[in-house]
Amino acid sequence: MATLYEKLRADIVAAMKSRDTTTVLALRTADAAIQRASMDQGKPIDDSLVAGTLRKSVKNLADARVEFQKGGRADLVAANDAEIRLLEKYLPAGLDPARLEALVSAAIQSTGAQTRKEMGKVIGALKQAPEAPLIDFSQVSKLIQTRLP
């Protein structure tokens, strides 16, 4: 079975052959971000690195989309939506809410966190979990804040 990165690279070639410049640009940008993350972290390119980098790219695009909406730029909003949909095809499905809550509860118990000041410990513990590449840490942050006084 091909890795996420191999699939992405194959899709770049396919988009180049079909002369789909929008897709080529988006995928090449993602490829460059993945390679840069690999070099910065000194890690080989694996599914975990690819998923994390793509998740970060999608988050950045979503943040930019909000700003484009505020500025009344419907053309850029549509372009961002298309790029987000394209990149999300490569991301594994996230964790269901019940599983995410169970992980957060377990992390809070294992770290002994009592207040929001200790939120970093909980997030650190979750980053060590095997499911870490599937975790949306913005959701986790909100969950932790509701559970810790």
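Where a number appears in this text, it was derived from the coordinates with a stated rule and is not lab data. Keep in mind the model is a prediction, meaning the values are calculated, not measured.
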Helix 4-17 sits at what angle to the longest principal axis of the chain, using alpha carbons and giving 0 to 90 degrees rounded to 10? 20 degrees
Using only the alpha-carbon atoms of region 97-147, report the extent along each of the three principal axes, biggest first, to the nearest angstrom. 25, 19, 15
Rounded to whole Å and sorted largest first, what semi-axes of the equivalent ellipsoid does the C-alpha gyration tensor of region 4-88 yield via the square root of 5 times each eigenvalue? 24, 17, 9
Across all Cα atoms of the chain, Rg and the largest Cα-Cα distance (Dmax), in Å, are 17.8, 56
